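Undergrad: Sending over a structure as structure tokens; questions will come in a sec.
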Amino acid sequence: MLGDFAEKYGITFPLLSDEGSDAIRALGLYNEHLAEQAAFYGREARPDQFGVPYPGVFRLDERGIIVAKEFEQSYRVRPAPALLVERTPGAAPAGLAIEKTVEREGVSTTVGVDTATYRPYEKHEVRVALELPAGTHVYAHPVPEGYAAFEIEVAPFDGLDVGAARLPEPHSFRIEGVDEEFRAYVGRVEAAIPFNIVPYQETATLSVEVRYQACTDRLCYPPDAMTVDITLQGIDLVRD
Amino acid sequence: MAAPAMPKLDFNRIGPRVGERFPDVRLSDQHGRVVDLHAVREGRPAIVVFYRSARW
């Protein structure tokens, strides 16, 4: 059966069969929560479905040591293949399939998504990059009173499952004459939000809001906020 | 009645841990051949994916 599956999808890497789930059990990965997970989706797990592992990915280095481990809470959610591969050293970056750029006061904001299409439950990312001119910074949380921090958000909609925003580590610095430490970003700032969309729809539109306050050594611009809409085409799940 | 919640699982505690050597695994592949996971890597990095099922 794995042979047919491999041939049908052109898979050349090893697919290992663990009939009886002995290896899965020995590894401690037998999914003990299948019934509860199925109940979350309003389903009852069938007897022949028990024995599956928790779905996830281990990354091994050349010595076989586990360097990373990525598992999902839901058995239905999976990383998009390009994003899974991208995190492997030496692999090509996933890139942005759709991107839009807004320029304001010398700050360039690019909002994009790694894909132009989505399948239900497939985890993708909204990626935001700020390009700040020399001498300009934006604040990071925790922000001094009266200032606005760099934040990114995707507007919720029914069926959109959004993960925590990933922001880089900011620099700490002090302004001459001010007895307070600030955390801020300079240069190119890259942030991302993982998401997956649950129902199959022909299209889904992500409304991404980017907020920041740009300052130089001499002045601060008023806090800025922009919304960028990105529309993805839906592709239904593979149903055999 | 409230919808059942998705159980919250701590995968730091489930299965092999980061920093450990991945355990030895010897299973049949799609060609019916027995594959030793560490041997087939041939000293290269690898991604080991636990897939739910090829049937479901």
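Rundown of residues vs (1) surrounded by 13 or more Cβ atoms within 10 Å (Cβ to Cβ); (2) under 15 Å from B:Phe22 (Cβ atoms), yes/no style:
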{"residue": "A:Met1", "(1), (2)": "no, no"}
{"residue": "A:Asp4", "(1), (2)": "no, no"}
{"residue": "A:Tyr9", "(1), (2)": "no, no"}
{"residue": "A:Pro14", "(1), (2)": "yes, yes"}
{"residue": "A:Gly20", "(1), (2)": "no, no"}
{"residue": "A:Leu29", "(1), (2)": "yes, yes"}
{"residue": "A:Ala38", "(1), (2)": "yes, no"}
{"residue": "A:Ile66", "(1), (2)": "yes, yes"}
{"residue": "A:Lys69", "(1), (2)": "yes, yes"}
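Undergrad: Can you tell me which of A:Val52, A:Val57 is under 24 Å from B:Val40 (Cα atoms), in contact with a Ser or Thr (Cβ under 6 Å, 6 or more places away or on another chain) and either at the interface with chain B (Cβ under 7 Å from one of its Cβ atoms) or buried (at least 19 other Cβ atoms within 10 Å of the Cβ) (or both)?
TA: Sole residue among the options that is under 24 Å from B:Val40 (Cα atoms), in contact with a Ser or Thr (Cβ under 6 Å, 6 or more places away or on another chain) and either at the interface with chain B (Cβ under 7 Å from one of its Cβ atoms) or buried (at least 19 other Cβ atoms within 10 Å of the Cβ) (or both): A:Val52.
Yes/no per residue for (1) of a type outside the set (Val, Ile, Thr); (2) crowded, with 19+ Cβ neighbours inside 10 Å:
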position	(1), (2)
A:Pro81	yes, no
A:Pro93	yes, no
A:Lys100	yes, no
A:Ala116	yes, no
A:Val128	no, yes
A:Ala140	yes, yes
A:Asp158	yes, no
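Undergrad: Would you say A:Leu84 is of a type in the set (A, V, I, L, M, F, W, C) and in contact with a Gly (Cβ under 7 Å, 6 or more places away or on another chain)?
TA: no
Undergrad: What are the residues in region A:1-37 that are of a type in the set (Gly, Ala, Ser), on the phi < 0 side of the Ramachandran plot and either modelled with pLDDT under 90 or part of a loop (DSSP other than H, G, I, E, B) (or both), if any?
TA: Initial filter on region A:1-37 (of a type in the set (Gly, Ala, Ser)): A:3, A:6, A:10, A:17, A:20-21, A:23, A:26, A:28, A:35.
If we keep only those that are on the phi < 0 side of the Ramachandran plot as well, we get A:3, A:6, A:17, A:23, A:26, A:35.
Across region A:1-37, the qualifying residues are A:Gly3, A:Ala6, A:Ser17.
Undergrad: Give me the pairs, please: first residue somewhere in region A:23-49 and facing chain B (nearest Cβ under 7 Å) and polar (S, T, N, Q), second residue anywhere and surrounded by 15 or more Cβ atoms within 10 Å (Cβ to Cβ) and in a loop (DSSP other than H, G, I, E, B), beta-carbon distance under 6 Å, and either six or more positions apart or on two chains.
TA: Final answer for the pair search is A:Gln37/A:Tyr75.
Undergrad: Can you name the strands (runs of 3 or more DSSP E) wholly within region A:164-222 that have at least 2 residues being over 20 Å from the mean Cα position of the chain (by Cα) and closer than 24 Å to A:Pro144 by Cβ?
TA: Values: elements: A:171-174, A:181-186, A:188-197, A:203-212.
Per the criteria, A:171-174, A:181-186.
Undergrad: May I ask you to list pairs of residues, at least six apart or on different chains, whose Cβ atoms are under 6 Å apart, with the first in region A:1-16 being facing another protein chain (nearest Cβ under 7 Å) and the second being of a type in the set (Ser, Thr, Tyr)?
TA: From residues that are facing another protein chain (nearest Cβ under 7 Å), the pairs are A:Leu2/A:Ser17.
Undergrad: Considering only region B:2-16, state which residues are modelled with pLDDT of 90 or more and more than 13 Å from A:Arg59 (Cβ to Cβ).
TA: Passing the criteria: B:Pro7, B:Lys8, B:Leu9, B:Asp10, B:Phe11, B:Asn12, B:Arg13, B:Ile14, B:Gly15.
Undergrad: Please enumerate the residues belonging to region B:6-42 that are at the interface with chain A (Cβ under 7 Å from one of its Cβ atoms), over 16 Å from the mean Cα position of the chain (by Cα) and surrounded by fewer than 10 Cβ atoms within 10 Å (Cβ to Cβ).
TA: Once the filter is applied, which keeps residues that are at the interface with chain A (Cβ under 7 Å from one of its Cβ atoms), over 16 Å from the mean Cα position of the chain (by Cα) and surrounded by fewer than 10 Cβ atoms within 10 Å (Cβ to Cβ), region B:6-42 yields only B:Lys8.
Undergrad: Consider A:Asp224 against the criteria (1) of a type in the set (Asp, Glu); (2) touching a Ser or Thr at 6+ places or on another chain (Cβ under 6 Å); (3) surrounded by 15 or more Cβ atoms within 10 Å (Cβ to Cβ): it satisfies all of them except one. Which criterion is unmet?
TA: For A:Asp224, the exception is condition (2).
Undergrad: List the number of the failed condition for A:Gly106; all other conditions in (1) of a type in the set (Gly, Ala, Ser); (2) in contact with a Pro (Cβ under 7 Å, 6 or more places away or on another chain); (3) within 8 Å of chain B (Cβ to nearest Cβ) hold.
TA: (3)
The values are calculated or read from the model by the stated rules, or taken from the named source; none is laboratory data. All of these numbers come straight from a predicted model, not from anything done at the bench. We place every Cβ from the backbone using ideal geometry, glycine too, and count neighbours over all the protein chains shown.
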